[in-house]
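Only the coordinates and a few stated rules stand behind these numbers; no lab work does. These figures come from a predicted structure and were not determined experimentally. In this analysis, Cβ positions are derived from the backbone assuming ideal geometry, glycine residues included, and neighbour counts consider all displayed protein chains.
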């Protein structure tokens, strides 16, 4: 059965529409995964708005949404996700990073309260189930999709994911900060032998020292992890909004020169695992 991935939003930190971000895109994190007749969505950044419009056109009525975390750039698309307002649709939203007594339902509802947003979450007519778990847990989706998780090093916490379906595997690893020279063993254990890893590549190794403590990593570290764990392909993801198209082209050229097993993700890019 098909294992298809579409990148609806590949930018990190803040949406950045404009003429200098046309080639790689300006929408924040949202990745759709189609496995047979089921769909998993990673994160609810601004890219989920266009995904929602596509769902409405195709009459797609259900999906499981796996949240890396709930910083603004990963949740701001949720109030504009049209299928959530349509009666008869069903969504399950899951998060594993909230260990302070908060619940994912409360966090998503909170951004839709006065004075931040004009209408409350209660206006959504779809059936939405909110599920909190602990990063490190494993669970299944519709029996034939296995999910493994691991905690990531990020302010307020974040969760990395591994999806396994029909002998193929995809890892979604964002947002996370590495320690130079000390590969994250939790990530290595999660991504071992994966067919594709989508990795937080906000900075370059040159930029990283000035950004320590901000919770992000580099495409070079993603490559080091991928090679150490025998990952087949690396998707460079979560681009810094200050990295305009000309700079992203330089990253792409340098990354491909270092390893042909990588690519730079773009808004609306499609990838199939076959």
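If I fit a long axis through the Cα atoms of helix 245-258 and take the longest principal axis of the Cα atoms of the chain, what angle between them do I get, 0 to 90°, rounded to 10?
That helix lies at roughly 60 degrees to the long axis.
Please give the peptides 48-54, 175-181 ranked by average Cβ packing (other Cβ atoms within 10 Å per residue), highest first, as a rough proxy for protection.
Sorting 48-54, 175-181 by mean packing, highest first, produces 48-54, 175-181.
Which value, in Å³ per residue, describes the convex hull spanned by the Cα atoms of region 146-216?
Hull volume normalised by residue count: 80 Å³.
Of the candidates 232, 58, 103, which one comes out as most mobile in a Gaussian network treatment of the chain with C-alpha springs shorter than 10 Å?
Between 232, 58, 103, it is 58 that shows the largest mean-square fluctuation.
Among bridges DSSP assigns within region 29-141, what percent are antiparallel (round to 5)? Don't skip to the answer; put the middle values down first.
Values: 5 of 20 bridges.
That works out to approximately 25 percent antiparallel.
In region 50-172, if every C-alpha pair distance is counted and binned at 5 Å from zero, what percent goes to each bin?
For region 50-172, the binned pair fractions read 2, 10, 19, 21, 20, 17, 8, 2, 0, 0 percent.
If you stretched the chain out fully between residue 263 and residue 85, how much longer would it get, using 0.36 nm times the residue separation minus the C-alpha to C-alpha distance?
Extra length available between residue 263 and residue 85 comes to 60.6 nm.
Summarise the long-distance tail of P(r) for region 120-174 by giving the % of C-alpha pairs beyond 18 Å.
Distances greater than 18 Å cover 47 percent of the Cα pairs.
Cα convex hull of region 3-272: mean projected area in nm², to one decimal?
On the way: hull surface 55.1 nm².
Averaged projected hull area, Cα only: 13.8 nm².
Can you give the Rg to Rh ratio for region 122-263, taking only C-alpha atoms and Rh from Kirkwood?
Working: Rg = 16.2 Å, Rh = 16.1 Å.
On the Cα set of region 122-263, Rg over Rh gives 1.01.
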